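Just so you know, all these numbers are worked out from the coordinates, no wet-lab data involved. This is a predicted model, so every value here is computed, not measured. Cβ atoms come from the backbone with ideal geometry, glycine included; neighbour counts cover every protein chain shown.
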């Protein structure tokens with residue numbers, strides 16, 4: 001049986017970002033992902049980047065987003081804007097995680113299409129996949145099982161973004177593509193003591209413990225879950241690559257292809273930070289998904305692979321943290 005994707009998996013003569021003077025709108029340019037993408041685009045010679053802070057453009061307000069696109073008419077759009085957080089934040093603010101993300105992505109995708117944007121890249125998250133997806137997780141595992149309960153609100157919003165890009169591609173023959181990064185880290189990450197992801201949370205706890213001379217640091221869970229991490233500069237490189245080289249219905253996984261246990265990660269962060277006390281595991285707290293490694297072979301087959309090792313990336317991130325985060 002021929003699927004609808006067979007008809008619209010490729011749009012003939014779909015444009016890539018080859019003109020360095022083209023107007024490129026990076027939504028969410030101050031965040032972890034967006035800031036890295038902006039720097040990478042500049043390194044590649046792009047000179048006409050359109051950037052708006054939240055104060056200048058509230059992406060949850062449909063009328064404001066429509067007016068922005070009608071005025072600026074960007075030729076290319078990268079959607080890196082999202083409300084993000086770790087297990088605690090997802091459990092505490094489920095309405096925010098589904099509502100705000102649906103508003104942001106719907107407003108941008110629709111306005112981009114209606115105002116002549118040539119190509120759009122929507123960025124999601126590896127949490128879109130079922131909790132017990134096959135490992136490594138292939139792209140076609142999407143919607144084949146139950147989501148991890150601790151982040152299903154965010155995941156459902158991101159799945160809707162993928163499907164919206166596919167729907168506009170099918171109905172309008174518009175070049176909207178999606179990339180699904182694995183767990184990201186790097187400069188400009190969120191180091192909030194409660195609402196951050198595991199890696200920046202660990203880095204902050206170890207740093208503060210070192211500064212205060214504490215003898216131990218308590219970490220949630222058992223330390224047994226396996227996780228894959230990708231430096232945000234590698235993701236930014238992949239984003240530029242996909243904007244130039246990829247045009248397809250299916251979303252693409254973007255990962256490092258390497259995984260570590262949370263315990264191994266904690267020990268490595270401890271080493272990089274220089275904390276010499278003990279690690280205590282609070283096994284009454286949730287672990288989250290037991291294993292989450294993505295199969296990024298399709299992107300690799302197109303010619304892209306990551307370059308930054310986890311150890312080098314952690315050293316780079318801790319340097320940025322030490323110089324930029326108020327203690």
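Computed from Cα positions, the angle between helix 262-273 and the longest principal axis of the chain comes to roughly 80 degrees. Let me have the relative contact order for the chain, percent, based on Cα pairs under 8 Å that are six or more residues apart. Once divided by the residue count of the chain, the mean separation gives 21 percent.
Computed from the C-beta positions of residue 63 and residue 250, the FRET efficiency with R₀ = 30 Å rounds to 0.35. Taking the convex hull of the alpha carbon positions in region 165-288 and averaging its projected area over all directions gives 9.3 nm². Annotation for region 214-275 versus region 112-148: alpha-carbon center distance of 17 Å.
Solvent-free Debye calculation, one equal scatterer per alpha-carbon of region 13-140: log10 I(q)/I(0) at 0.10, 0.21 Å⁻¹ equals -0.36, -1.26. Report, in degrees rounded to the nearest 10, the 0 to 90 angle that the Cα long axis of helix 232-245 makes with the longest principal axis of the chain. Approximately 20 degrees, to the nearest 10. Given region 279-326, what whole percent of its Cα pairs are spread farther than 16 Å? Here the long-distance tail beyond 16 Å is 70 percent of all Cα pairs in region 279-326.
Inverting the pair-averaged 1/r between distinct Cα atoms of region 102-168 gives 12.9 Å as its Kirkwood hydrodynamic radius. By the compact-protein rule of thumb, 2.2 N^0.38 Å, the alpha-carbon radius of gyration of the chain corresponds to a ratio of 0.99. In region 138-189, the C-alpha radius of gyration followed by the widest Cα-Cα span (Dmax) gives 13.5, 39 angstrom. Which of 45, 28, 179 moves the most in a Gaussian network model of the chain with Cα springs under 10 Å? Highest fluctuation among the options: 45.
Evaluated at q = 0.21 Å⁻¹, a Debye calculation over the C-alpha positions of region 239-321 (equal weights, vacuum) places log10 I(q)/I(0) at -1.09.
Rounded to the nearest 5, what % of the DSSP beta bridges within the chain are antiparallel ones? If we restrict to bridges inside the chain, about 10 percent are antiparallel. Full extension of the chain between residue 53 and residue 71 yields a length gain of 4.8 nm, computed as 0.36 nm times the residue separation minus the alpha carbon distance.
The order of 318, 172, 129, going from fewest to most other C-beta atoms within 10 Å of their C-beta, is 172, 318, 129. Principal-axis analysis of the Cα atoms of the chain puts helix 198-212 at an angle of about 40° to the longest axis.
Label separation (residue 210 vs residue 268): 1.7 nm, computed from points 7 Å beyond Cα along the C-beta direction.
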